[in-house]
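Notes follow the structure.
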Amino acid sequence: MAKIELRAVSYSVPPSAAGDGQILRQVSLAVEAGQSLTILGPSGSGKSTLLRLCNRLMDPGGGELFFEGRPASELPVVELRRKVGLVFQTPILLKDLSLRDNLLFAVHCCRKASPGVEEALAKRLLDQVGLSVSVLEQRPEELSVGQAQRLCLARTLATHPEVLLLDEPTSALDPTARLGIERLVAALRRDHTLTSIFVTHDLEQARRLGGRAAVLVRGRIVEEGPVEAILDHPAEELTQRFVSGNLEEGG
């Protein structure tokens with residue numbers, strides 16, 4: 001049974017001069033428990049929208065999302081989001097809250113805990129993402145982008161998710177910080193048996209991530225398989241054009 005699955009999912013916005021408004025077109029995709037899937041595709045192909053549907057930040061206009069074989073629409077949305085965590089492309093920290101409250105925001109929303117329990121949880125979460133407890137004494141604006149992204153990842157882990165959705169989480173980072181986040185995600189997957197979906201348009205990053213890949217172009221999955229096979233021996237013309245750099249944004 002797939003951990004998370006999309007069946008013939010479509011999503012659209014009102015048409016405009018820029019196009020017909022169709023962002024995703026009959027997308028079917030299944031990710032098994034513990035599996036790593038990389039979503040590749042040019043900018044504007046619908047990758048971020050696909051992730052938001054998996055977390056129910058958006059709901060499909062057609063088709064259906066399933067979690068462990070059950071329609072996601074039957075689950076309370078808060079329960080689903082505890083199990084399916086999402087890390088955004090740009091680190092989002094709440095400026096009016098301390099970093100400690102940013103880190104424990106999801107915990108405060110879901111349950112009450114004693115100060116001692118919260119302190120132990122904060123330390124454990126920071127340890128998992130390679131940050132010192134001393135970072136909690138800083139203001140959000142004092143963090144580097146890499147530190148902020150690690151803190152956001154730690155915040156996502158606070159609810160013990162079973163699926164981790166990552167929307168180009170390294171795009172704003174320098175090469176060293178980018179590799180650090182990639183290694184961190186790999187370690188978290190290994191140590192916590194997480195299922196992950198990682199969105200990127202960076203081919204070399206996809207190669208480093210390994211596992212399976214799906215190529216999304218013009219809102220459709222055009223090819224799916226082992227990452228190495230897709231990058232080195234693409235079977236579909238649109239994949240070949242994307243891999244060779246001859247596909248415009250949006251496909």
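Since every read-out is calculated from the coordinates, none of them should be taken as a lab result. Keep in mind that this is a model prediction, so the values were computed, not measured. Quick reminder, even Gly has a Cβ in these numbers, built from the backbone with ideal geometry, and neighbours come from all protein chains shown.
For the range 145-251, the Cβ-based charge dipole about the Cα centre amounts to some 440 debye (Lys, Arg positive; Asp, Glu negative; other atoms uncharged).
Comparing mean-square fluctuations of Val185, Val133, Val215 from a GNM of the chain with C-alpha springs under 10 Å, the top value falls on Val133.
Determine the distance separating the Cα centre of the range 20-52 from the Cα centre of the range 165-195; give it in Å without decimals. For the range 20-52 versus the range 165-195, the Cα centre distance is 18 Å. For the pair His108 and Gln89, label points projected 7 Å from Cα toward Cβ lie 2.9 nm apart. Please list, in order along the range 177-182, the HN-Hα scalar couplings obtained from phi with the Karplus expression 6.51 cos²θ - 1.76 cosθ + 1.60 (θ = phi - 60°), rounded to whole Hz, x for Gly and Pro. Coupling constants for the range 177-182: 5, 4, 5, x, 5, 4 Hz. Note on the chain: Cα Rg divided by 2.2 N^0.38 Å, N the number of residues, gives 1.03. Farthest toward the positive end of the dipole of the chain, out of Val133, Ser43, Leu173, is the Cα of Val133, where the dipole comes from beta carbon charges about the Cα centre.
For the range 3-114, the share of alpha carbon pairs falling in successive 10 Å distance bins from zero is 11, 38, 31, 17, 2, 0 percent.
Placing one identical point scatterer on every Cα of the range 197-251 and ignoring solvent, what is log10 I(q)/I(0) from the Debye formula at q = 0.30 Å⁻¹? Normalising to I(0) and taking log10 leaves -1.52. Taken one residue at a time, the phi angles of the range 12-22 give Karplus couplings (6.51, -1.76, 1.60, θ = phi - 60°) of 9, 10, x, x, 8, 5, 7, x, 7, x, 7 Hz. Gly and Pro are set to x.
Rounded to the nearest 500, what is the 222 nm mean residue ellipticity of the chain from helices alone, with -39500 (n - 2.57) per DSSP H run of 4+ residues and division by all residues? Dividing the helical sum by the residues of the chain leaves -10500 deg cm²/dmol. Simple spin-label estimate for Glu142 and His192 gives 2.6 nm between the two label positions (7 Å along the Cα-to-Cβ direction from each Cα).
Coupling constants for the range 37-52 follow from the phi torsions by the Karplus curve (6.51 cos²θ - 1.76 cosθ + 1.60, θ = phi - 60°), and in residue order they are 10, 9, 9, 9, x, x, 4, x, 8, x, 4, 5, 4, 4, 5, 5 Hz; glycine and proline get x.
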